[in-house]
Amino acid sequence: MSFLSDAHAVCEELDQYRSQSSDRTKPVVKQIPMRTLIDDLSLGTFAIHGGLRGGKLTEFVRTYLDSTSRLYHPGNLAHQVAVPHHAGALAALMGGFTNNPVSIYEMGPAAASIEFFVVNWLVEKVGWRPSPYPGEAIDSEAYAGGVLTHGGSLANLTALIAARSRIAPDVWQRGAPRDLALLAPAESHYSIARAAGIMGLGQSDLYQLEADEHGVVIPDKISHVLQKVREDGKRPLAVVANGCSTAMGLYDPLREIGRLCNAYGIWFHIDGAHGAAALLSNRYRGLMDGVELADSLTWDAHKLMRTPGLCTAALFRDVGTLDKAFFQDASYLFHDKVQPGFDFIHRTVECTKSALGLRFFSVLGALGEQGLAAYVDRQFDLARQAYELIGGARDFECAGPPQSNILCFRVSGCDELQLRVRDKLIAHGDFHLSAVMLQSRRFLRMVFGNPETVLGDVARLIDEIRNISSE
């Protein structure tokens with residue numbers, strides 16, 4: 001009875017939490033000093049004496065929820081984190097309760113089967129050839145496939161490891177070559193440079209692709225960078241492009257970049273962690289035009305597909321390149337056995353891996369393809385409507401027209417004013433924005449992820465910013 005009673009109590013608090021967030025009766029984010037919050041949660045007492053159940057559990061959950069960032073609040077516009085559909089949250093509970101690792105089929109057959117299906121489903125959205133299921137006939141042509149990882153950073157690392165294994169097949173025996181170079185735009189997510197560093201590439205091995213004033217890659221300039229790489233005695237490991245960028249949500253010209261990479265025989269990786277969801281939309285799919293030319297693609301479900309974190313797909317046009325990326329041995333895992341399914345462990349940095357596919361599929365199963373596509377359309381449309389609203393105001397300016405659900409803007413005034421406005425908005429509790437540096441100036445940044453946020457909320461935000469800036 002303790003599980004059912006505790007679960008019922010927690011669900012009741014979560015239901016109230018969602019209602020209080022959606023109807024704006026609670027602040028979008030509440031920040032109190034960490035030491036105070038630790039005391040309020042009685043962490044030390046519970047750690048020593050236990051007893052976190054029943055009424056004490058209810059009070060703990062209530063206190064915890066009161067100091068969260070309320071993603072369900074329509075004024076939550078700060079970060080690229082999904083407002084999860086309840087189906088995904090329930091799936092996370094199922095995954096946590098059953099605790100079946102997905103890396104080895106016998107440890108979680110249902111979870112592994114769902115992951116295999118989800119990866120193939122995503123592969124088809126890209127336009128690649130999906131992998132046959134275990135036991136089905138395999139021909140000589142390349143199949144696409146991949147693996148789900150705990151976040152885009154791991155997916156980007158996995159893709160670049162695969163790229164390295166293709167250009168240096170003996171890397172696991174001889175070590176990493178010292179003549180590799182990685183080409184990426186300055187607007188790449190920091191995980192790209194971090195992955196390069198993990199693989200042994202230094203700052204001098206990272207070459208920036210030339211871009212326009214908004215950070216979008218200029219394809220005609222890539223040959224110049226490649227020439228510089230060769231003059232420095234190095235070989236290009238990969239070219240990375242954004243689909244879309246983190247700061248402004250803009251897409252690089254993927255088809256032009258892909259054609260050039262294919263012509264030169266260079267691995268082409270697209271970091272589509274945020275923006276690859278445009279592939280679900282008939283109206284916005286064109287933003288990812290050329291994605292099928294990539295060798296690898298990172299695609300987050302926990303950003304624009306209503307899935308609780310973390311759930312990222314590392315997808316490969318030829319999944320054989322991923323299957324050759326890692327080379328280790330573990331006799332307790334790798335041996336001959338009856339295998340009716342598929343072991344993902346050969347494809348991932350991780351050994352123990354959660355049932356990530358279950359989280360995403362539960363959302364997909366609840367909303368269907370059309371439901372997810374409608375959500376993407378709505379959020380992208382709302383960013384464009386907000387751009388028109390803010391762009392028409394004399395005391396505001398936008399960094400540029402949005403391509404995704406991200407919009408950067410600023411109120412007339414200095415950079416310090418933008419940060420002061422942000423701090424006061426958070427303190428007032430009605431809105432939560434992020435801030436970013438663009439073209440050496442500070443901009444406020446909105447990410448439209450909440451399906452309940454409307455243009456009227458943006459209008460109220462502008463009024464509140466005006467009031468703050470006039471103080």
When a/c is below 1.5 the answer is rounded, else prolate if a/b is larger than b/c, else oblate, so apply that to the stretch 1-104 with a ≥ b ≥ c taken from the square roots of the Cα gyration tensor eigenvalues. oblate
What do you get for Rg/Rh of the chain when both radii come from the Cα atoms and Rh is the Kirkwood radius? 0.98
Which translational diffusion coefficient, to the nearest whole µm²/s, is obtained for the stretch 107-174 from the Stokes-Einstein equation, given a Kirkwood hydrodynamic radius over C-alpha pairs, 20 °C and 1.002 mPa s? 153
Give me, ordered by chain and number, the residues 5 or more places off LEU209 or on other chains with an amide H under 5 Å from its own placed amide H. ALA184, ALA186
Could you tell me which of PHE448, ILE462, ALA435 has its Cα farthest along the dipole of the stretch 406-471 towards the positive end, charges placed at Cβ (Lys, Arg +1; Asp, Glu -1), taken about the Cα centre? ALA435
Which residues' amide hydrogens lie under 5 Å from the amide hydrogen of TYR143, considering only partners 5 or more residues apart or on another chain, with H built in the peptide plane? VAL319, GLY320
Give, rounded to the nearest 20 debye, the magnitude of the charge dipole that the chain has about its Cα centre when Lys and Arg contribute +1 at Cβ and Asp and Glu contribute -1 at Cβ. 480
HN-Hα J in Hz across the stretch 36-49 - Karplus 6.51, -1.76, 1.60, θ = phi - 60°, x for Gly and Pro: 5, 5, 4, 5, 4, 7, 6, 4, x, 5, 5, 4, 8, 9
Karplus-derived 3J(HN,Hα), 6.51/-1.76/1.60, for each residue of the stretch 464-471, Hz, glycine and proline x: 5, 5, 4, 5, 5, 5, 8, 5
Helix-only mean residue ellipticity at 222 nm for the chain, each DSSP H run of n ≥ 4 adding -39500 (n - 2.57), per residue, nearest 500: -13500 deg cm²/dmol
Subtract the Cα-Cα distance of GLU59 and GLU124 from 0.36 nm times their separation in residues, and report this length gain in nm to one decimal. 18.8 nm
5 angstrom amide H check on VAL29, placed H, neighbours 5+ away: ARG70
Cα-Cα over 23 Å, subset of LYS56/LYS303; LYS303/LYS353; LYS30/LYS424: LYS56/LYS303
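No value in this document is a laboratory result; all are computed from the given coordinates. What you see is a predicted model; the values in this text were computed from it and never measured. In this analysis, Cβ positions are derived from the backbone assuming ideal geometry, glycine residues included, and neighbour counts consider all displayed protein chains.
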